[in-house]
Each structure stands twice: as C-alpha cells, then as structure tokens.
1. Arranged by the count of other C-beta atoms within 10 angstrom, fewest first, what order do C:180, C:13, C:75 take?
2. Please give the FRET efficiency for residue B:202 paired with residue C:188, using the beta carbon to beta carbon distance and R0 = 35 Å, rounded to the nearest 0.05.
3. Test of understanding: ordering B:47, B:226 by Cβ neighbours within 10 Å, fewest first, what list do you get?
4. Normalise the Cα radius of gyration of segment A:142-203 by 2.2 N^0.38 Å (N = residues in it) and let me know the number.
5. Stokes-Einstein at 37 °C, 0.692 mPa s, Kirkwood radius from Cα pairs: D for segment C:187-268 in µm² s⁻¹?
6. Only bridges whose two residues both fall in chain A count here: according to DSSP, what percent of them are antiparallel, nearest 5?
7. Starting from 0.36 nm per residue, how many nanometres of slack lie between residue C:8 and residue C:180 once their C-alpha separation is accounted for?
8. Among DSSP beta bridges lying fully in the protein assembly as shown, give the percent that are antiparallel, nearest 5.
C-alpha cells in the first residue's frame, strides 16, 4: 500500500471520528431497590408457568449432586416452575457475570463472589437486588448467624463491606485446612502435626525422604492464597488479617509479621516443599495427582474433600491448621458463594423462593447427604465417618472456637489479580518477600486511601 | 499491492467497465459490503480510540481524562511486560517459522519425494485446529508430569524437566513455541506458492554453472520469494501480537506477568479489572503497533521495486 | 531435475521430522481422549467421547457454531463478491482511497474493536444474539474477501467481461453467470478459510455472548476445561469433538484447498 493512499484512508477514518461524538457510559441505571418485607410476594404457585434461569459454579461432585437434587425437589414443589440451570467453573462464572449483569439478558439467580471486585462492584452499579425485604419475610436473618450473612452485606454505595443491605445468601460452608494421606504420613514416619513447628518438621522429613511435602497447583494464580491464608494466621493477628482481607482501613501488609509470613512461604518454595514448579501445575491436576499418591500434604479448601475421597477412601484425612497467634485456630474460610438476584431479573419472586428453598434446613440435610458441607447445623449433620466428618468438625471448631478469616481477595476490586500474580512471583522466586508485601500494600492502600 | 494494472486502464475512459455503463454502478456493488465493514470494523475502531480518552468502569458515567490513560501506560509494569513479551513472541511466531518454512518449502520444491502432498497436508494441519484445542493439547504436553517431561527424563535430561508454563524463564518460550508449531505450515505453504512460479530454466541455467542445492537456494529461490516472505511475516507477526486464546487458556498471563500480551491485557483490563479506558488505550497501542510493523515490513519489500515502477 | 540419493534421504529425514512434530500434539490428545478416566482401569475408552458430548453440552455449542459459521460465510462471501467485482473489474473515482480502507481491515485486530462492540451493541440490545457474534466477523471477513476476490477477478482475462458485454449482459449477470463460475476454486478456498476462522474464533464469541445461550464450540471447550481439568481424558475427548468438524472438512477438501491457497497467494 502506498503511503499517500494510507494517509487518505486515515483521513477518512478520522472523519468518522467526528460522527462518534457521544461519550461512553450513558446507559440507564438499574433499580436495585428490592421490596420491603410487607410488600414481599412469596406466592410462587400463582405466577403461572415460568422458567427460572439459574447460574451456579457448583461443578464439583458433591455440590453438583446436591444442587441437582434440590432443583428436582423445587420443581416438584412448584410444578409451574421449570429451572434452566447453567453450571460453569468459578473462574468462568466470575468472568461471565461481570459482562452479563451489565446487559439486559440476565439470569434470575446467580452465585456472586463476595469480594469487592465482584459483589462490591455490582452493588455499586445497582446491578443486584437488595434482598433485605425477602430476608425478613423468609426469616433468613434468623436462619443464619450474623457472621455468615455479614459476608454478603454491603452498604448501598458498596463503600462498607460487612454491614448494610443483604445482597446474597450462602448455602455451604468452606474452610481451608490440611489434607493428608494416612499412609503417606506413616511412610515418612510422621504424625499429624499439632503445632506449626511440628508441621515444619513434617515438611522437612518429607523432603528428606524424597517425597513432595505439599502438593500445590498454582497455574491458575489463586490457589496459593489458600495456602498462604492459614500460614498468615500463624504470624498475624486475625483481626489484622480481617481488616486486610475486607479492604477496611487500618491494616498494613508491610509490617514485620506479614513479611515473616510471606518469607516462610518463599522459604517453602525455595526448599522445594511445594514441588519443582507449583506455578506450572493446574489446580485440578494437583488434587488428582494427590489422590494418586504424590505429595504428603495438600493445603486447600473443604470443597475438594468429596472428590478426593472418591479415589482415596479412608486414607484421606483433613485437619484445621495448627493454632496460630494467641493460641487460636484461625484459617481462611467462611461461606460458599452466596446466591444473588440480579436487579433486572424477570422472575424475582420465584428467584427469592428458590434461594429460600435451597438454603432451608431440609436443603442443608440434602447437601450433607450428597457430601457437601452445609453452612447451617454443620456439626449435627456431620456424617459418621470419613474425611467429611473431619471436615465438618474442623469447620465447626474453627467457626465456634477459632476465627474464620475472610478470603484475602475480598479486599479490593483488583486484589485477586494483584495477590495472584504476587504470590506466583514470590513462589517462583522472582520477587522477594519485601517486594511482595509492598505490592500487596500498594493495592490495599490505594483502595482504602481512596474510599 | 497489485501488479496487474493491465489493459483496464487504457480502455474507454468514460464507462467503469465493458458491462458497466452507469457511473454509480460500482458504488452499488461496493455499498453493502462497505456498510457492514464500516459499521462493525471501522466504526468500533474509532470508538475504541474515543473510549481510550475516558476513565470508565463499564458501568455508569465516564470521566474525560484526555491522554491520561496513555500516560499511565508508560510506567505500567503489566503493560510494558506485555509489549516486551509480544516482541519476544514475534521471534517464535514469525522468525522461527520463516526459517523452518524456507527449509521445508525448499526441500519440498526440490524433493521429488513420494508422498509430497501428504507431508504438505500434515505440516499445514496445525493451522486448522482451533486454538482452544491447541491450548488444551499443549497445556497437557507442558504439564509437570506431561509427555515433554517424560521424554526428557527418559533420555536422562532430568535437570531440564519442569512445569514449563509455570517457570518464569520457560513459560514465555513455551507459549511461543506453540506459535512456531502453528505457523510453520502456513509459512511453508505461502513460500511454496512463490517458489512454484519460479521458471525452471532459471534453475537449469544455475545448474549448468555448477551450482549445488545451497547456492541455488540463495542465488535463485530466496530472492524470488521475497514477496511471499513479506506476506508470511505480516500474517505471522499479526498472529504473534494477538495471541489471546492461547494465553487465556494456558497461563492467564502468569506466572506473575511473564506471559501476558497486549491482547490479553485488553481483555483483562476491560472485563476483569473493569478499567475500560485503560483497556482501550492498550487496544489502540496494539493496533498502532500492528500497523507500524506492517508498514515497516512492507517497505522492506517495496524499496527496491517501487523505483522500478511496480505500478 | 535430478536429486542425489544422499540429498533425497536428507529431504525425507527433514520432512518426516517436521511431520512428526506437527502431528505430535494431535496424537497426544487423541491418545488421551481414549485413555481411562480417574479411578477407571486401563484399556481403550471410546465412551469418553459420549460422556464428554453429554456433560459438556457440545451438541448445543456445535449447533451454535454451525449457525454462526453459515451466517458469516454466506453473507461475507456474497458481499465480498460485490466489492471484489467493483475493485477488480471497474474503474471509478475514489477506488484508490477506498481499497486501502478495506485493506486496513486485514490489520485491525479483534482486540481493538471488541470493547466498543460489546458496549455499543449492548446499548442497542444486540448482545447475546447470533448477530452479535456474526456481524463483527462478517466485517473482518469482508476485508479479507474483498482483497481476495479483487485479486481473483483481476487475474481473469479481460476478454471474459468483454464477451459478456457483446452478449448484452448487464453487470450483475456478468458477475453471476461468467465471473463467479470462472472463479470457483478461489471462492471455495475463501469459503473454507472464512469458515475455518469463524469456527475457531474465540474472543468475539467470548465477549459478545455473556449469557452463554449462543456459546460456540471453542467457548464450550474453554468452559469444559474449567470444569474437568482434573479429568484429562474427558477434556481431551471434548477437544476432539470441537476440532473434528474442521479437521474432517480440511482433510476432505485439502487438495482443492491447498491448491486454492497456492494459487491465491501467487495472485497478490
């Protein structure tokens, strides 16, 4: 192409620019105001034939089966409602949700991550329905403890996280802890650790015995957060961690304690406790390998238990991390992703009824039967034996006697991205603990300073 | 671009062509295509440029910030890494396939081997497979206990085995190598097209002078396919700069930002970090980069010949 | 031309080496697709394909891909015939500015336009429709199609059009009755290329269909990867399902296609 022609074309394109005069972002705002408790309509049978569109990320064995069973029961109870369910992985749902909620074609119910990056942003944009009215009408505030619901509460401007209106209701509980294979521990002549020092000894012994001490697949960037969370609690006061994780002012990532925790993680990586290349291994491939006998410990979320137990049976065990600062057990966990209703949802009445149905006491039983961990009555619903019994007990102990720390990526709209990349670099040895702390602090301080 | 000006120019000045009398007729044929093209390619490009001047989260009101987004890019670690990575990827997507493609095309031209067509088809095959599928296949090959490491360990190269996509030094070349695998067939085919037009008597003459295959290649083949080399470079460089699918599916730009590329940054900023203005500014920089590299590469081709009056 | 036996052997070695390299990932994934799943004993497991089809909902996503590919191919090829016809056989003021404008489209990456496309089409309520996935791809294909068909029409002997004029045919009839039949190989190649690109397109399909109702096959696979990465066999089976239609199409048409590519490339 000749230059003169190129210039002529460029001029023509430039001319079109003049046509495009209107600035981006002049769309209409949604109305997020939900009904108050006395205007709430709970009559689903009278709605006529409808299709309720539900999006969730419960793709793992136990939870998938529980949801399938619940949907069947719901459709039986309300024969005029047909449920159109779309399930996809957490990552995919998270990406999809941001695009979808801004459009007109939204599902009626969907799972939204509690984080400021997700729920916080959607609340700020008025894209979710305020569920406070429904909560009162259906008695959700009585059904759930304050600490559970607070993780789905934001002020209407989304500046405050933890109080204010209710934007979602969780169904399951989650806790990050330590999985181990009884045979694996025995093979290196070790016992389940009861303190952090014992844990360190186990790691050292495993490494010397030529075993992989901790199985971690961190290709997806976020899994390391579930290892670092419990480890952080060994150094840092839970109250501090909560501030940092909720993105409320008053914390400092660069203080000595946090740097110590980051240093230990880097140290583990350097000593190959996390394997040769945790950053190159897929999250799901990691636990699959663990079930085949690679690795002595796996630090991760309770949601993996059922799938891993299918392959490992009674050999698989779970424990909460050893007690941290102040002798209290503190670890990352809380509730599963809450179910929310988009402000533009067409069938809000049925949507609220669905959320009520899948979080009811009967539903909790069904979840437990299918191997998931319900957020309510966890200790009572614990199975007789197996890894899930240990998981349920660990959750119960941590929630009642210890502290369930919020996920670190709740903190700011960009924290998931920042923390994921930072921990990858820390583990990979490209960044020092000090630099990592500084990077995390920058994201946190930029956000808390601005709001 | 074209060489075939031909006799259309010299015919009757008035009518657009032998069968077209009306002066407006050419525009009627152009119009439908142009409207769709302008509305869904040119106009959005202009809008991108406009978006890049605003600070906007994709929701609600936007703020005009002038060139602020571009200024921010200058000291944005993620963006600079992406540009650097893209330049490295060009080596793997364009230069390596060019070297391989030249070798293969030269061999195929001379070869007289049986099953020539089969080789051509097989080596071109990667082009046909969806990148998403390619990513699934290679992600598995690069896994810590995947086929690549199995092979390395089997031949005693244990020290080389690693989680290729998670190793900060290895991840980018690993992604790039997928590009080499993808593009070599395309480059080969383009060059083969060029070589098929070289008159056989040129080679006969060279052979009479006693030229072997190597001298023949440098004296005759290589200069004759300069045009095709340029086309191949343009296509593969564009492919290198818009490696979105592979990065999205294999590494999400990690570890850290070791494999992030401008096209992935566009998506990440717009739809994950919800910074539409910054994403648009990256998109515009990416476009300018593509245009600039194209102009540069095309100039290499045109310089000697434009004087010779190609048109 | 004579080639020494030593060189011929070398040629074989080089070609065979790269053929193996090209096939290696494909073979790996084929092998994985039929390997046992987690907790299943050895042997060959073709039922993986069936399970992957069912669990991944590939019936629906392949159907969506087919619809989108058909729309894009038919519309963009039809429109490119028009633009290529005008640029390739007619003289008119402005052609030297307009043609480069079309060529520009060859260089505009989808990344550069996808953001405003999403927000602007959302404003007019077009996201989550086949149109939203198809129109941007039609626009990009027109840029290429114009370039491709112009080269093809220019390469045809001028006498074709002149003879048609003597028969008293108008411009449209000349195009449809004379030029198109004479250009069949080039058009077939264009159809295959556009079909291939559309089938494999990821970013536009990803962004323009947030509700997931019109999810195309590559997206279906990406989604499937999120859910089943632990089960490599199932994932590989899904990958085979998505890649198969284009692989088969290519293998069936490979002779025409590769010849068309070679002819087309040398027309520039």
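Read the figures in this text as sums done on the coordinates, not as results from a lab. All values reported here derive from a predicted model rather than from experimental measurement. Cβ: placed from backbone, ideal geometry, glycine included. Neighbour counts: every protein chain shown.
1. Values: C:180 16, C:13 11, C:75 20.
Result, fewest neighbours first: C:13, C:180, C:75.
2. On the way: r = 31 Å, r/R0 = 0.90.
The pair residue B:202/residue C:188 has a calculated efficiency of 0.65.
3. Details: B:47 22, B:226 14.
Ascending Cβ contact count within 10 Å gives the list B:226, B:47.
4. For segment A:142-203, the normalised Cα radius of gyration is 1.87.
5. Numbers: Rh = 14.5 Å.
Taking Rh from Cα pairs, D becomes 227 µm²/s.
6. Values: 20 of 33 bridges.
Around 60 percent of the beta bridges assigned by DSSP in chain A are antiparallel ones.
7. On the way: separation 172, 0.36 × 172 = 61.92 nm, distance 4.19 nm.
Result for the pair: 57.7 nm of gain on full extension.
8. Numbers: 23 of 36 bridges.
Close to 65 percent.
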